[in-house]
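See below for the structure under consideration.
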Amino acid sequence: MGEKVFTFSGGIHPPHFKKQTEKLALANAELPKMVTIPLQQHIGAPCQPIVAVGDLVKVGQVIGQAEAFVSAPIHSSVSGTVKKIGKFLAPGGATTCVVIEADGEDAWDESIQPTKNWLQADAKDLLRIVKEAGITGMGGASFPTHVKLSPPKDKPIDVVILNGAECEPYLTADHRLMLEMPEKVVTGLKVMMRILGVTTGYIGIENNKMDAVAAMERAVADEPGIEVRVMQVKYPQGDEKRLINATTGRVVPSGALPMEVGAVVSNVGTAAAICDAVVEGKPVIERIVTITGSAIEQPKNLVVRIGTQFSEVIEQCGGYKGTPGKLLMGGPMMGLAQYTDEVPVIKGTSGILVLSEEDARLPEPSACIRCGKCVDACPINLLPLFISRYSLNGDFEAAEKYRAMDCIQCGSCSFVCPAKRPLVEAIRVARGEIIAKRRKG
């Protein structure tokens, strides 16, 4: 009998496209000469700049202060001089950024020191360290981690689940992290469990990464209460509600958060960042990025300083191969399309994917044949064909009644549609219109 494999109902099986980078060890990207650091890299309120043009800054120094609970401070990723503060392009659109010219010294701020006696620190101190380090979800969602680790008292948590599924095609950043630094991931998980007073932790990894499974199982061998759960290769296995269902059997109700069923889900990269913060005192100033795709000359897994331009990172991978057809931050299913490579790497940049013109070409849609494949594939049990039809007809009220807001925008419906209908794209339009209407009251 082999190891039990966990999964959820629904979902799809897109090609992995991970072979380009899955065997490539992590390497440090070159230190950038100039960084453009957005003051909002997370869900929630933007930070306020606490530096001025002309100021000298060091690596790890706070340059943007969080003034709201749902926010996370921003730190300088280089030492150098603040040259500009203003609106510049970022992966999510134009936002206030701090532009710093690096001095090449890579001098770290004196406050960045290993944390003394962190093993004896209480939960409140550990939570404070996580908050001050500016840690946000490293899987792409970028929700401030200290908020996730602060559930209301009437929502007791009894399990922490780490997402090591990395179900998006092409991306291998989490795979390499688990393979090369499994102890960091486990330490971060233990810190989260201690903050939440939890004794059970799971690490979910798809079974197309069995070397990572083996590495993580060795790392947790002497850790009571922590278990690696091998997941079936299926998209979107890494979605937090699907992950909770697959690992625990619990079902998060429609519109509810994981804490409703006693769970907190975090990415393995977030756990490693927590380890860095708690053990070394190091804030988030860099992250692992997979640079890959049919239009990248030499795909790589690089540790990149926050604020480095995509164009510079791509150049370090040999530049473009042929004419690029599409540039994405993240994977092909849920990644964010970019119209320029002059945008900076941020905390949520798990990948830079560049597809050739041929691979990026959109198929011509035809009429819906009502085959129901989109319904079978939807992991939320929605009716994508109806929601998208209402959206395309401008009937957003009907789209809302068909639970458009429950859609996680995973794109499974569009992937399986034989008529190549733009299902998820139409649902995204409906969601935007519904949100806009709610804001107007």
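The values are calculated or read from the model by the stated rules, or taken from the named source; none is laboratory data. The structure presented is a predicted model; accordingly, all values stated were derived computationally and were not measured. Here the Cβ positions follow ideal geometry from the backbone for every residue, glycine too, while neighbour counts run over all protein chains shown. What goes into the accessible areas is simple: the full protein's heavy atoms, side chains included, and nothing from ligands, DNA or RNA. Shrake-Rupley method; radii C 1.70, N 1.55, O 1.52, S 1.80 Å.
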Can you find a residue in the stretch 229-240 that is outside any loop (DSSP other than H, G, I, E, B), under 17 Å from the mean Cα position of the chain (by Cα), of a type in the set (A, V, I, L, M, F, W, C) and within 15 Å of ASN163 (Cβ to Cβ)? no
Within the stretch 95-141, which residues are aliphatic (A, V, I, L, M) and more than 20 Å from the chain's Cα centre (by Cα)? VAL98, VAL99, ILE100, ALA102, ALA107, ILE112, LEU119, ALA121, ALA123, LEU126, LEU127, ILE129
Applying the selection to the stretch 111-149, what residues are closer than 17 Å to GLN61 by Cα, open to solvent by 20 Å² or more (accessible area, probe 1.4 Å) and in contact (Cβ under 8 Å) with a residue 24 or more places away in the chain? SER111, ILE112, GLN113, PRO114, THR115, ILE129, LYS131, GLU132
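Filter the stretch 28-64 down to the residues that are assigned to a strand (DSSP E or B) and of a type in the set (A, V, I, L, M, F, W, C) and list them by number. If you could, list the steps in order and put the result at the bottom.
To start, the set of residues in the stretch 28-64 that are assigned to a strand (DSSP E or B) comprises 28, 34-38, 48-49, 56-57, 59, 62-64.
Result: MET34, VAL35, ILE37, LEU56, VAL57, VAL59, VAL62, ILE63.
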Of the numbered conditions (1) open to solvent by 50 Å² or more (accessible area, probe 1.4 Å); (2) more than 29 Å from SER266 (Cα to Cα); (3) in contact with a Ser or Thr (Cβ under 7 Å, 6 or more places away or on another chain), GLU364 satisfies every one except a single condition; which is it? (3)
For VAL354, are the conditions met, namely being touching a Phe, Trp or Tyr at 6+ places or on another chain (Cβ under 8 Å), surrounded by 22 or more Cβ atoms within 10 Å (Cβ to Cβ) and either over 26 Å from GLN40 (Cβ atoms) or touching a residue at least 40 places away in the same chain (Cβ under 8 Å) (or both)? yes
Across the stretch 415-435, what is the number of residues that are over 15 Å from PHE386 (Cβ atoms) and among the small types (Gly, Ala, Ser)? 1
Scanning for something modelled with pLDDT under 95, open to solvent by 10 Å² or more (accessible area, probe 1.4 Å) and closer than 22 Å to GLY134 by Cα, does the stretch 242-256 turn up at least one residue? no
Between residues in the stretch 324-347 that are free of Cβ contacts under 8 Å to residues at least 60 places away in the same chain and open to solvent by 50 Å² or more (accessible area, probe 1.4 Å) and residues that are not small (Gly, Ala, Ser) and not in a loop (DSSP other than H, G, I, E, B), which pairs lie under 6 Å by C-beta distance while being six or more apart or on different chains? PRO324/VAL354; LYS326/LEU355; ALA337/LEU328
Suppose we filter the stretch 89-110 for residues that are open to solvent by less than 40 Å² (accessible area, probe 1.4 Å) and either among the acidic types (Asp, Glu) or closer than 17 Å to VAL62 by Cβ (or both); how many remain? 6
Checking the condition touching a strand residue (DSSP E or B) at 6+ places or on another chain (Cβ under 7 Å), farther than 25 Å from PRO15 by Cα and either among the hydrophobic types (A, V, I, L, M, F, W, C) or buried (at least 17 other Cβ atoms within 10 Å of the Cβ) (or both), which residue from VAL191, VAL213, VAL220, VAL233 passes? VAL220
Would you check if there is a residue in the stretch 284-302 being surrounded by fewer than 24 Cβ atoms within 10 Å (Cβ to Cβ), modelled with pLDDT under 95 and in contact with a helix residue (DSSP H, G or I) (Cβ under 9 Å, 6 or more places away or on another chain)? no
